[in-house]
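This report refers to the structure that appears directly beneath it.
Taken together, the values in this text are just the output of simple stated rules run on the coordinates, not laboratory data. Computed from a predicted structure; not experimentally measured. Virtual Cβ from ideal backbone geometry, glycine too; neighbours counted across all protein chains shown.
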Amino acid sequence: MKAIRVHEFGGPEVLKLEEVPDPQPGPGQVVVRIHAAGVNPVETYVRTGTYAFKPHLPYTPGNDGAGVVLKVGPDVRRVKPGDRVYVTFAITGTYAEQTLCDQAKVHPLPDNVSFEQGAAMATPYGTAYRGLFQRAQAKPGETILVHGASGGVGTATVQLARAAGMIIIGTAGTKEGMDLAKREAAHHVVNHSSEGYLDEVKKLTDDRGVDVIIELLANKNLGKDLPVLAKKGRIAVIGSRGPVEINPRDSMARETDIRGVTLASASEAEYREMHAALVAGLENGTLRPVIGQKIPLAEAVRAHVEVMKPSGAHGKIVLIP
């Protein structure tokens, strides 16, 4: 089969399309023929070799994908060949025509959901769910600021929050991004490229502040986020590309919290809860992954450039084998 391989850490150019042996399932494992693979910023960090997790070289990137079950190993009962599925935490990487997965990390993909949309589930929707519910513990009726509402995690957060009865203020840096956040049902959208946009956020809450901030670029925004929180407010930090300076006094007076978010830290019980909720959301139509770009697998280099553009992704970027 064809797969993207990384033989040395570095820039996007280290992503190479190669022929590799087809994966074979062992006990409790599943091979999925990938129809679409999700591209996430974290994969660019891993590729550079500077991320906390450093895979053994060579490796195939990608945790997220969707396709059809091709083979199953002994004792597999959850799925069978021919089933439509989305996958998380793939063992052999999803930037490939096939991938090997543990059966517990393979989930049903409803017929009303495309493979491209399925490829958007694992990291963007899983992260959004974990940040919003498991870490920030957001509740119906609370006001949520989604700091970067037009990308994969941002649009997922807007959909999840709206379905749960929250009031959503989304930000984006372009007209296209703002229009997307509005289409995905954010109640209010502001331009985070404009001076004073956080003053506008405060006005939208009658100066009370927001209860939860889902923060996707903490190195730029965290210091400015704290004064925008209401009493007992929480910030869920999902993304950061460097250090940031904050004033602790901005947190002390209102007893606000900064809470880190990473999917890898979810317990097995939290993981099961997460994907039970996400599959239900796909089935009932409340979750509708937005696809921004479909890029051929052979052009993975371009996908890694696109996903890191300062203007942000408008919807999910997926690779098509």
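Quick notes on this structure:
- The separation of region 25-42 from region 254-314, counted between C-alpha centres, amounts to 16 Å.
- Translational diffusion coefficient (Stokes-Einstein; Kirkwood radius from C-alpha pairs) of region 78-236 at 10 °C, 1.306 mPa s, in µm²/s: 95
- For region 157-232, a Kirkwood radius taken over Cα pairs fed into Stokes-Einstein (10 °C, viscosity 1.306 mPa s) yields D = 124 µm²/s.
- For PHE9, net neighbour charge (Lys/Arg +1, Asp/Glu -1) across residues whose Cβ lies under 15 Å away: +1
- For SER240 and ASP179, the difference between the fully extended length at 0.36 nm per residue and the C-alpha to C-alpha distance is 19.5 nm.
- Summing charges over all other residues whose Cβ lies under 13 Å from the Cβ of GLY223, with Lys and Arg as +1 and Asp and Glu as -1, gives -1.
- For region 143-160, backbone phi angles converted through the Karplus equation (6.51, -1.76, 1.60; θ = phi - 60°) give residue-by-residue couplings of 9, 10, 9, 9, 8, x, 8, 10, x, x, 5, x, 5, 4, 5, 4, 5, 5 Hz, Gly and Pro being listed as x.
- The peptide list 140-146, 24-30, put in order of mean Cβ contacts within 10 Å with the highest first, becomes 140-146, 24-30.
- Computed helical MRE - 222 nm, the chain, DSSP H runs ≥ 4 contributing -39500 (n - 2.57), nearest 500: -7000 deg cm²/dmol
- Legend: Rg and Dmax of the chain, from Cα coordinates, 19.5, 60 Å.
- Cα-Cα P(r), region 190-313, percent of pairs per 5 Å interval: 2, 9, 13, 16, 16, 17, 16, 8, 3, 1, 0
- Dipole orientation for the chain: of the candidates GLY65, MET121, THR92, MET121 has the Cα lying most toward the positive pole (charges on Cβ; Lys, Arg +1; Asp, Glu -1).
- Mean Cα-pair separation over length for region 216-321, i.e. relative contact order, pairs under 8 Å, 6 or more apart, %: 21
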